[in-house]
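Asker: Sharing a structure below in structure tokens format, with a few things to ask.
The values are calculated or read from the model by the stated rules, or taken from the named source; none is laboratory data. Keep in mind that what you see is a predicted model, and the values were worked out from it rather than measured. Cβ atoms come from the backbone with ideal geometry, glycine included; neighbour counts cover every protein chain shown. These accessible areas exclude ligands, DNA and RNA; they are computed on the full protein's heavy atoms, side chains included. Shrake-Rupley method; radii C 1.70, N 1.55, O 1.52, S 1.80 Å.
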Amino acid sequence: MHLRPRPTLLHDAQPCAALIASHSLENKRYREFSRQLPSAWKQRIRDQLLTSYRAFEPGTQRHLYTKFCVLQLRTAGERCRIRLSSLLVVVLLASFVLMPACGSSNNGSGGGTGTCTAVPGAPTGLAASNTTAGATTLKWTAPTGLAADCSVTGYTIYENGNTTSIGTSTTTSFNVTGLSPSTPYSFTVAASDAAGLGAQSSAAPVTTAAAGTGTTIPATMTWDGVTRYYQVYVPSVLRPNPPMLLMLHGTRFEVPPANPSTLSWGWQSVADQYEFIEVQPASTYNANSGQWNWNAYFMDAAFTSSESGTCTSPPATSCPDDAGFLRQLILNLTTQYNVNPKMIFVAGMSSGAQMAERVGVEISDLVAAIGPTSGQLEGQQSLPPPVMVPGSALAPISVQEWHGTADTELPPCNNGPTAYSGVTYYLDTVDDTFNYWVSQNQCSNLQTTQTLCTDGSATSGLSGNIATGCTGNNIEVQFIWEEGIGHTWEESDNNSRWLFLSSHPKQ
């Protein structure tokens, strides 16, 4: 038996499922007929069909269209149109080629290698788990009964009935972050295939946990003969190998044993949301001035002997040895909480921001990124120029600096003065600090060539600057002007701070 070429025309295929439904009686007869044929005949006809010309002769019985579905399933990605010259061929085709392929059940992955023309149904079983104050995990079951030649290519996730998606996934799970504590939410998910996006699933309700439901642990340690205070916040839900953030306070006036480690900077809800450990160390206390200050660059003169320690064990570059204390604290807590050593970050406000800058120089072998706010790299007792600068940073480090354009406590642009425990210091400008980090990280690309300051004030209309193309993988330096903001810590920016820091781990 063979197929003889005849004049033919091309014709589009009909969907396989529809053809089977409309020709059930014919298919039953074809199956009964095919059982009487020897296997060798069936194989020979298969071979001839698959190697014949790709054409179709219109005007025959409707059930002839069913061959398109079969041959699409039996060829490598081609939409085959085969020339037929015998009704018997069609009978055999439907009986032992079409029925095993098109009549089989669909398990959700689709079938065939032709064009997908139907969107998938809605996923089922959507549910939330591992819900914290700011995050939850969604899981669902893939849709079944996909049309021929269709397979799920991805999923789109929606929040609270909105038509704008909050994310996509190629698997049947998705981690939702950035949620507010103690807040009800509702989520749906829709599947996509080559034909487009299908219907959304049934909604899964979620209510996030309350903020600050973790554990706050006050603690002390002795470093270089000085008692050092710190506080650790551990969220109630903590990921394995969690990140760790140190928040360094600004100048304070508490009387020991009260100390600045207990201040609230708005980080706890963010720690709950992103499941990281938040640490608040305290600087040293000057009994003469009643101030707590960090020994940032170059401020040794503001500290008394009672708070300075010996600076000999280990040798320190200045007294008090704040850099040594912070290094050892990081090492201790990394071990204690099994912290991810590639995700250790330090933020700071005011003198704490200045100390965070020093951390970026002297502890950049441990710290991946710093986020100083309202604090430049250094203060010096003589009015610039020249501007004093520290030595080289130990390693490349990402930096995101924030500074209010209306800050008069640590003026950002005019080498203005500030006082620590009665000692006056003149500050470098934010341009000096930004340029230091661009140079240290050997960044080659600047978002703008404009300076941050013009004529002693923040450059009008400039939101900041970004340096990329730096040494090392994923290193970046950012400066952000806070328009109209004075010398304050804006808690509303904490989420943005964390997103920058956490997206720049050590490589």
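Asker: When you go through (1) open to solvent by 20 Å² or more (accessible area, probe 1.4 Å); (2) modelled with pLDDT of 95 or more; (3) not hydroxyl-bearing (Ser, Thr, Tyr) one by one for residue 154, which number turns out not to apply?
Answerer: Checking residue 154 against (1) open to solvent by 20 Å² or more (accessible area, probe 1.4 Å); (2) modelled with pLDDT of 95 or more; (3) not hydroxyl-bearing (Ser, Thr, Tyr), the one that fails is (1).
Asker: Still on this structure, I have one more. For the range 342-350, state whether one or more residues are among the polar types (S, T, N, Q), within 25 Å of the chain's Cα centre (by Cα) and either surrounded by 19 or more Cβ atoms within 10 Å (Cβ to Cβ) or not in a helix (DSSP H, G or I) (or both).
Answerer: no
Asker: Pick out the one residue from 356, 395 that is closer than 25 Å to residue 417 by Cβ and outside any strand (DSSP E or B).
Answerer: Only one candidate passes the filter, namely 356.
Asker: When you check residue 332 against the structure, is it over 28 Å from residue 438 (Cβ atoms), open to solvent by 10 Å² or more (accessible area, probe 1.4 Å) and in a loop (DSSP other than H, G, I, E, B), yes or no?
Answerer: no
Asker: When the range 298-329 is examined, which residues are found to be of a type in the set (Ser, Thr, Tyr) and either open to solvent by 60 Å² or more (accessible area, probe 1.4 Å) or modelled with pLDDT of 95 or more (or both)?
Answerer: Within the range 298-329, 305, 306, 310, 312, 313, 317 meet the criteria.
Asker: Also, I was wondering about something else. Being surrounded by fewer than 16 Cβ atoms within 10 Å (Cβ to Cβ), over 21 Å from the mean Cα position of the chain (by Cα), under 19 Å from residue 375 (Cβ atoms) and touching a residue at least 60 places away in the same chain (Cβ under 8 Å) narrows it down to one residue among 486, 456; which is it?
Answerer: Residue meeting the stated conditions: 486.
Asker: If a residue has to be touching a helix residue (DSSP H, G or I) at 6+ places or on another chain (Cβ under 7 Å), closer than 24 Å to residue 339 by Cα, modelled with pLDDT under 95 and outside any strand (DSSP E or B) to count, how many in the range 214-251 make the cut?
Answerer: 2
Asker: In this structure, is residue 390 in contact with a Phe, Trp or Tyr (Cβ under 6 Å, 6 or more places away or on another chain), surrounded by fewer than 24 Cβ atoms within 10 Å (Cβ to Cβ), part of a loop (DSSP other than H, G, I, E, B) and not hydroxyl-bearing (Ser, Thr, Tyr)?
Answerer: Criteria met by residue 390.
Asker: Would you be able to say whether some residue in the range 158-179 is among the acidic types (Asp, Glu), in a loop (DSSP other than H, G, I, E, B) and either under 28 Å from residue 346 (Cα atoms) or open to solvent by 30 Å² or more (accessible area, probe 1.4 Å) (or both)?
Answerer: The answer is no, given that none of the residues of the range 158-179 is among the acidic types (Asp, Glu), in a loop (DSSP other than H, G, I, E, B) and either under 28 Å from residue 346 (Cα atoms) or open to solvent by 30 Å² or more (accessible area, probe 1.4 Å) (or both).
Asker: Checking the condition more than 39 Å from the chain's Cα centre (by Cα), farther than 17 Å from residue 302 by Cβ and open to solvent by 20 Å² or more (accessible area, probe 1.4 Å), which residue from 385, 396 passes?
Answerer: That would be 385, the only listed residue that is more than 39 Å from the chain's Cα centre (by Cα), farther than 17 Å from residue 302 by Cβ and open to solvent by 20 Å² or more (accessible area, probe 1.4 Å).
Asker: Only one of (1) free of Cβ contacts under 8 Å to residues at least 60 places away in the same chain; (2) of a type in the set (A, V, I, L, M, F, W, C); (3) under 30 Å from residue 502 (Cβ atoms); (4) not in a helix (DSSP H, G or I) is not met by residue 438, so which one is it?
Answerer: Single failed check for residue 438: (4).
Asker: Just name the residue that is surrounded by the most Cβ atoms within 10 Å (Cβ to Cβ) out of those in the range 259-297 that are among the small types (Gly, Ala, Ser) and touching a residue at least 40 places away in the same chain (Cβ under 8 Å).
Answerer: 296
Asker: Let me ask you something else. Restricted to the range 429-453, and to residues that are hydroxyl-bearing (Ser, Thr, Tyr) and within 18 Å of residue 416 (Cα to Cα), which residue is most open to solvent (accessible area, probe 1.4 Å)?
Answerer: Applying the filter and picking the extreme gives 451.
Asker: I'm told residue 254 meets every condition in (1) assigned to a loop (DSSP other than H, G, I, E, B); (2) of a type in the set (D, E, K, R); (3) open to solvent by less than 20 Å² (accessible area, probe 1.4 Å) except one. Can you identify the failing condition by its number?
Answerer: Result: residue 254 passes all but (3).
Asker: Whether any residue in the range 322-331 is among the β-branched types (Val, Ile, Thr) and under 15 Å from residue 219 (Cβ atoms) is what I want to check.
Answerer: yes
Asker: Identify the residue in the range 131-148 that is among the β-branched types (Val, Ile, Thr) and crowded, with 21+ Cβ neighbours inside 10 Å and, among all such residues, is nearest to residue 176 (Cα to Cα).
Answerer: Here the answer is 136.
Asker: Six or more apart or on different chains, Cβ under 9 Å: which pairs go from a residue in the range 379-408 that's farther than 30 Å from residue 344 by Cα and in contact (Cβ under 8 Å) with a residue 60 or more places away in the chain to one that's open to solvent by less than 10 Å² (accessible area, probe 1.4 Å) and aromatic (Phe, Trp, Tyr)? Could you list them?
Answerer: Pairs found: 381/425.
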